[in-house]
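K.L.:
Quick one: the structure is below, and I'll ask about it shortly.
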Amino acid sequence: MTTFAGSQAFIGFIYLIASALFILALKWMNAPPTARRGILAGEIGMVLAIGGTLLQLGIDGKLEHIAISYGWIFVALGIGTAIGIPLGLVQMTAVPQRTALSHAFGAFCVTLVGTAEYYLGVQGPGIPAFKMSVLCCEVILGGLTVTGSLMAAGKLQEVLPQRPITFKGQNFFNLSLLAVAVVIAGYLVHNPAATHLYPVMVGIALLFGVMLVIPIGGADMPTVISLLNSYAGLSAAAMGFVLGNKLLIIAGALDGSSGFILSVIMSKAMNRSFTNVLFGAFGQVAAAAAGAQEARPVKSASPDEAAGILAAASKVVIVPGYGMAVAQAQHKVRELYDSLSKRGIDVRFAIHPVAGRMPGHMNVLLAEADVPYDRLMEMDDINGDFAQTDVSLIIGANDVTNPAAKTDQSSPIYGMPVLDVEKSHTVMVIKRSMNPGFAGIDNPLYYMDQTLMLFGDAKVFVSNIVKELSGGHA
Amino acid sequence: MGSALIDGLFVFMMAGFIGFEVIKRISPLLHTPLMSITNALDAIAVVGAIVLVGRHESRPALILGILATIAATSNIVGGFLITDRMLRMFKSSRPTKS
C-alpha cells in the first residue's frame, strides 16, 4: 500500500508528537489550574494526527479513488461533528449517561473497523495468526463494551429499569457465553476463513455486554462505567496492534489504565472486589434487607428549625449524594453555602468517592453551581474533622453515611469506608421519606439522638432553609 | 511479524506504566473530566477508520469505515467540548493571579 518511505517516516513523526501531547494532556489534568492546558494539548495532538493521516492518504492513495475517498471522509467528519456538539453540551446532571454513551461510540468505531479488517483480510491476502488473535480481542472487547455501555446509559437515563435483574445460574450463563466466544476466537485464529463463525463470535460478545450490565444496580454504576472505560481503551489498543499503529496502542493503553485505576478506586470505596461488582452480590443484599424492620421513632424538623440550628453553628459539613443530582438541588445548595458563609460559618463539602453515578460526579455538579473547588473535601481528608463539626447536613446521600458499615457485621455494606458523620454534634438528613434507599439497606444513623430528619424534596427544602436564613437576617 | 508484535507490546507496556503513574496523581476532584478527556483521546481510533475509508477496497468496508469515522468524530468533538465546559466551572475561592 505505502510506496513512499518518506511519507511513512513523516506520518510516524507526526504520530510521535501526538503521543507526547496525549501524555502531557493527562499529566496536566492532575489539578484544576493546569487542566485546561491539558485539553489544548490533547486537541493539538488530535488535529495533528488526523491532519497527518489525511495528508498521507493523499500521497499514497490510488488516484482514481482519492477524490471520492476525501469526499466521504469529510462527510463523515462533518456528521460526527454535528452529533458530537450536542453531546458536548448536555446538562451536567446528564454527564454519567453521556459518558456511558461515548464509551459505546468509541467501542462501536473499534468493532466496525475490526470487522472490516477481518473481511478484507479473508477475501484478500489472508490473516496471520497473530493479527487474527488481536483482532478477536478487539472485536470481543469492543462488542461487549458497545452493548454494555448502551445498557448502562439506558439505566442512567432511566429508559431501562434501574433495578438489578438477576436470575438463577446467571454467573454460570455469563461465563459460559464468554467461554464460547473465546473458543470461537481460538478456532478463528487457526482458521480465519471460517467466515460463518465470525458473526457468531461478535453476536455473543454483544449479548455478553447486555448480560454483564443487567444485574448491576444504580449504586454500582461508578465502578461499571470505569470498567467499561477500561475495556473501550483496551479494545482501541488491540486495534492498534491489528493496524500496526503505535499511536493507537498508546492512546488505548492510557485510556485502559485510566479506566482500570478508576475502577480500583471505586471498588475500594465500596469495599468490594471487581468480581464481586461484576458477578453481582445484590441477591444477598435483597435477602438481608428482607429481615424484620419495625418502625422506630425518628426526630424530624421543619425548615425554620433547621435554619436556626445552622445559623447557630460555626462549622458545617454538607454531604451531597445522588439524591442532590436527582432533585437538581446543587444551585440551591450553593445559595445555602453563600448564605452561611456570609454569616462567617465555615462550610465544607464531604465527597465520598462513590457518591453519585460516576467518579467525580458530585464535584462537577457543585463546580457547575459555582461552589469553589477548595471547599470540596475528599473522604480521608475530612473524616477526622467530623468530631469538631457542629452540623453535618446530608443531602440525598444514604449508604455512604451508614455507620452500620463500621459496626454491623451482618450489614451488606459492612467494611465499606463511610463518612463519619455521626461524630458531629448534630446530623440533619434531607430525605423524601423513611423508605430505605435503592439498595434496601436500613441506616441506623436516622434513629440516633443527634439526628434530625428533614422530610421533603431536597431542592424545595434547601431553598426553604435559605429563605428562613435570609428572612431572619433582614 | 514477530518483531512487530514485540515492538507493539513494548509500546503498550510503557504506555500502560506511564498512564498508571500519571493518572494515579490526578485529583479525585477531576475524575469526571478525566474520564471525558480519555474518551476523546481514545477516539484517535478515527485514524484507523479514516484509512479504511481512504483505502476504498470494497463497498461494505467503505460503509463500515464511514460509520466508524462518524462515531469516533462525535466522541472527539463531544469529549473535548464537555471536558472544557466542566473545567471552566472549577473555580477556587482564593483570588486567581490573572
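K.L.:
Residues A:Ile127, A:Ile140, A:Ile165: which one is assigned by TED's automatic domain parsing to the domain that holds A:Ile249, of a type in the set (A, V, I, L, M) and modelled with pLDDT of 95 or more? Outline the logic, then answer.
P.N.:
Numbers: A:Ile127 fails: modelled with pLDDT of 95 or more; A:Ile165 fails: modelled with pLDDT of 95 or more.
One residue alone meets the criteria, A:Ile140.
K.L.:
While we're here: Residue check, A:Ala104 against (1) hydrophobic (A, V, I, L, M, F, W, C); (2) at the interface with chain B (Cβ under 7 Å from one of its Cβ atoms); (3) buried (at least 21 other Cβ atoms within 10 Å of the Cβ); (4) under 19 Å from B:Asp42 (Cα atoms), all met but one. Which one?
P.N.:
(2)
This table checks each residue for (1) modelled with pLDDT of 95 or more; (2) buried (at least 21 other Cβ atoms within 10 Å of the Cβ); (3) within 7 Å of chain A (Cβ to nearest Cβ).
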site	(1), (2), (3)
B:Gly2	no, no, no
B:Asp7	no, no, no
B:Arg25	no, no, yes
B:Leu29	no, yes, yes
B:Ile44	no, yes, yes
B:Ala71	yes, yes, yes
B:Asn75	yes, yes, yes
B:Gly79	yes, yes, yes
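K.L.:
Condition (residue is at pLDDT 90 or above, surrounded by fewer than 22 Cβ atoms within 10 Å (Cβ to Cβ) and under 24 Å from A:Gly217 (Cβ atoms)) applied to the stretch A:417-430: is it met by at least one residue?
P.N.:
Of the stretch A:417-430, the ones at pLDDT 90 or above are A:417-430.
Still in the list and also surrounded by fewer than 22 Cβ atoms within 10 Å (Cβ to Cβ): A:417, A:420, A:422-423, A:425-426.
Within this subset, residues satisfying the condition of being under 24 Å from A:Gly217 (Cβ atoms) are A:417.
Yes, some residue in the stretch A:417-430 is at pLDDT 90 or above, surrounded by fewer than 22 Cβ atoms within 10 Å (Cβ to Cβ) and under 24 Å from A:Gly217 (Cβ atoms).
K.L.:
Could you give me the residue pairs with C-beta distances under 7 Å whose first residue belongs to the stretch A:53-75 and is at the interface with chain B (Cβ under 7 Å from one of its Cβ atoms), whose second residue is surrounded by fewer than 14 Cβ atoms within 10 Å (Cβ to Cβ) and at pLDDT below 75 wherever it lies, and which are 6+ apart or on separate chains?
P.N.:
Cβ pairs passing all conditions: none.
K.L.:
How about the stretch A:159-272: which helices (runs of 4 or more DSSP H) wholly inside it have at least 2 residues that are hydroxyl-bearing (Ser, Thr, Tyr) and either away from chain B (no Cβ under 14 Å) or over 24 Å from the mean Cα position of the chain (by Cα) (or both)? If you could, list the steps in order and put the result at the bottom.
P.N.:
Numbers: elements: A:170-190, A:197-213, A:221-243, A:246-269.
Counting at least 2 such residues, we get A:170-190.
K.L.:
Still on this structure, please answer the following. How about the stretch A:107-131: which of its residues are buried (at least 23 other Cβ atoms within 10 Å of the Cβ) and either farther than 15 Å from B:Ala49 by Cβ or more than 8 Å from chain B (Cβ to nearest Cβ) (or both)?
P.N.:
Correct list: A:Ala107, A:Thr111, A:Gly114, A:Tyr118.
K.L.:
Moving on. What's the number of the condition A:Val347 fails, among (1) out of contact with any Leu (no Cβ under 7 Å at 6 or more places or on another chain); (2) surrounded by fewer than 23 Cβ atoms within 10 Å (Cβ to Cβ)?
P.N.:
Status for A:Val347: all satisfied but (1).
K.L.:
Has the stretch B:49-66 got at least one residue that is within 20 Å of A:Thr223 (Cβ to Cβ) and over 19 Å from the mean Cα position of the chain (by Cα)?
P.N.:
So in the stretch B:49-66, the residues within 20 Å of A:Thr223 (Cβ to Cβ) come out as none.
Among the residues of the stretch B:49-66, not one is within 20 Å of A:Thr223 (Cβ to Cβ) and over 19 Å from the mean Cα position of the chain (by Cα), which makes the answer no.
K.L.:
Which of the residues spanning the stretch A:359-406 are at the interface with chain B (Cβ under 9 Å from one of its Cβ atoms) and assigned to a strand (DSSP E or B)?
P.N.:
A:Leu376, A:Glu378
K.L.:
Can you tell me which of A:Asn383, A:Asn402, A:Asn398 is closer than 18 Å to A:Gly218 by Cα and without any contact (Cβ under 8 Å) to a residue 60 or more places away in the chain? Don't jump to the end; show me each part of the working.
P.N.:
Numbers: A:Asn383 fails: closer than 18 Å to A:Gly218 by Cα; A:Asn398 fails: without any contact (Cβ under 8 Å) to a residue 60 or more places away in the chain.
Only one candidate qualifies: A:Asn402.
K.L.:
Determine whether A:Gly142 is within 11 Å of chain B (Cβ to nearest Cβ) and either surrounded by fewer than 24 Cβ atoms within 10 Å (Cβ to Cβ) or in contact (Cβ under 8 Å) with a residue 12 or more places away in the chain (or both).
P.N.:
Working: within 11 Å of chain B (Cβ to nearest Cβ): yes; either surrounded by fewer than 24 Cβ atoms within 10 Å (Cβ to Cβ) or in contact (Cβ under 8 Å) with a residue 12 or more places away in the chain (or both): yes.
For A:Gly142, the condition - within 11 Å of chain B (Cβ to nearest Cβ) and either surrounded by fewer than 24 Cβ atoms within 10 Å (Cβ to Cβ) or in contact (Cβ under 8 Å) with a residue 12 or more places away in the chain (or both) - is met.
K.L.:
Sticking with this one: Of a type in the set (Gly, Ala, Ser), under 29 Å from A:Val134 (Cα atoms) and within 23 Å of the chain's Cα centre (by Cα): does that describe A:Ala76?
P.N.:
Working: of a type in the set (Gly, Ala, Ser): yes; under 29 Å from A:Val134 (Cα atoms): yes; within 23 Å of the chain's Cα centre (by Cα): no.
No, not satisfied.
The values are calculated or read from the model by the stated rules, or taken from the named source; none is laboratory data. What you are looking at is a predicted structure, and each value in this text was computed from that prediction instead of being measured. Positions of Cβ are backbone-derived with ideal geometry, glycine not excepted, and every protein chain shown enters the neighbour counts.
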